[in-house]
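What follows is a set of notes on a single structure, which appears directly below.
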Amino acid sequence: MTTSLNIPVPSTKSLTNQVALVTGASRGLGKAIALALAQEGASIAAVARSEDALKETLAAIRAAGGVAEPFVVDVADGAAVEATVEKIMARFEHIDILVNNAGVTRDGLLARMTSEAWDIVINTNLKGAFNFTKPVGRLMVKQRAGRIINISSVIGLMGNAGQANYAASKAGLIGFTKSVAREFASRGITCNVICPGFIETDMTKDLSDDLRKKLLERIPLQRLGQPEDVAGVAAFLCSAAASYITGQILTVDGGMVM
Ligand SMILES: NC(=O)c1ccc[n+]([C@@H]2O[C@H](COP(=O)([O-])OP(=O)(O)OC[C@H]3O[C@@H](n4cnc5c(N)ncnc54)[C@H](O)[C@@H]3O)[C@@H](O)[C@H]2O)c1
């Protein structure tokens, strides 16, 4: 931005000149997080499995005057993720923020759970975070700065019948976060984990009315969360105000788990 005399006006946005890589940015929490970080001035490397799926996210960021580019990859494919990180570096030259958000569910009681259902959930939710954090962490170590945010779940804290694979992946992300936080702290990099409760997205849209009612009885704030409830916390963790916070679990669940 400039004045009428063409003198640059300093930006008041907290993430100006930063690049944020957000996985699973096509919808739900990932889209809301990408929009929130873009609103703070970050350029967004938006990752999903198809470019078509990213159209809405990119359009919303660009319409608001932000910068966003699509990068198509399956987070579970380590070699393809390494190549994608190289492409992002070729486009943006640095990555300051990494949000490991992509996730899937394949619910079922353990007795009937197939090993395919186990593998896809662990490989996407947990290994996907490893696949991105390793190459991006290497860059952040060189930069001596960076923010890493992993999106876990309250299910990783409390377990849930019918979600042994999902709970294991999300609990794994918590241990992963604390280890990465310890490894990278001396290089000025923070790593934190957000545990959302029940947030209204495609992942939760098929809850029956009965289950919804039962859930609400367990949520002290008496509402399901919105993607923006989580996105605001992610933006906070990327801000200067959060520079002394690392290895922490931020539970965003309306008070469900205390
Ligand atoms: N919605 C909730 O209530 C809730 C609660 C707790 C945690 N979470 C977690 O938040 C994250 C986002 O959830 P959501 O509700 O927005 O889900 P969603 O299904 O709406 O979106 C998931 C995103 O991940 C992407 N994705 C899935 N598998 C991928 C892969 N292999 N490679 C690349 N991208 C992939 C999808 O394309 C999509 O963009 C997930 O990790 C989820 O486990 C959600």
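The values are calculated or read from the model by the stated rules, or taken from the named source; none is laboratory data. Predicted model, so just to flag it, every value in this text is computed and none were measured. Methodologically, a virtual Cβ is constructed for each residue, glycine included, from the backbone with ideal geometry; neighbour enumeration extends over all protein chains shown. Accessible surface areas use protein heavy atoms only, side chains included; no ligands, DNA or RNA. Shrake-Rupley method; radii C 1.70, N 1.55, O 1.52, S 1.80 Å.
In table form, for the structure just shown:
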quantity: Scope the range 187-242; condition open to solvent by 20 Å² or more (accessible area, probe 1.4 Å), aliphatic (A, V, I, L, M), in contact (Cβ under 8 Å) with a residue 12 or more places away in the chain and within 10 Å of the ligand (Cβ to nearest atom); matching residues; calculated: Met203
quantity: Candidates Gln226, Gln222, Gln248, filtered to the one that is over 21 Å from the mean Cα position of the chain (by Cα) and more than 16 Å from Met158 (Cβ to Cβ); calculated: Gln222
quantity: Condition broken by Gln248, with the remaining ones in (1) open to solvent by 60 Å² or more (accessible area, probe 1.4 Å); (2) within 15 Å of the ligand (Cβ to nearest atom) satisfied; calculated: (2)
quantity: Subset of the range 86-110 [in contact with a strand residue (DSSP E or B) (Cβ under 9 Å, 6 or more places away or on another chain) and either within 29 Å of Ile199 (Cα to Cα) or surrounded by fewer than 16 Cβ atoms within 10 Å (Cβ to Cβ) (or both)]; calculated: Lys87, Arg91, Glu93, Ile95, Asp96, Ile97, Leu98, Val99, Asn100, Asn101, Ala102, Gly103
quantity: Members of the range 115-131 found to be open to solvent by less than 40 Å² (accessible area, probe 1.4 Å) and more than 10 Å from the ligand (Cβ to nearest atom), listed by number; calculated: Ala117, Ile122
quantity: Index of the failed condition, Ser14 passing every other in (1) more than 16 Å from the ligand (Cβ to nearest atom); (2) at pLDDT 95 or above; (3) surrounded by 16 or more Cβ atoms within 10 Å (Cβ to Cβ); calculated: (2)
quantity: Of residues in the range 139-186 being of a type in the set (S, T, N, Q) and crowded, with 19+ Cβ neighbours inside 10 Å, the one nearest to Ser239 (Cα to Cα); calculated: Asn150
quantity: Residue within the range 150-161 that is more than 12 Å from the ligand (Cβ to nearest atom) and more than 26 Å from Ala42 (Cβ to Cβ) present; calculated: yes
quantity: Filtered residue count, the range 19-39, keeping only those that are open to solvent by 50 Å² or more (accessible area, probe 1.4 Å) and closer than 24 Å to Ala129 by Cα; calculated: 2
quantity: Residues of the range 45-57 satisfying the condition of being part of a strand (DSSP E or B) and either away from the ligand (no atom under 11 Å from the Cβ) or open to solvent by 30 Å² or more (accessible area, probe 1.4 Å) (or both); calculated: Ala45
quantity: Of all residues making up the range 157-205, the number that are under 17 Å from the mean Cα position of the chain (by Cα) and farther than 23 Å from Met256 by Cβ; calculated: 5
quantity: In the range 32-44, residue farthest from Thr201 (Cα to Cα) [restricted to those that are hydrophobic (A, V, I, L, M, F, W, C) and away from the ligand (no atom under 13 Å from the Cβ)]; calculated: Ala42
quantity: Of the criteria (1) touching a residue at least 60 places away in the same chain (Cβ under 8 Å); (2) more than 22 Å from Leu139 (Cα to Cα), which one Ala64 fails; calculated: (1)
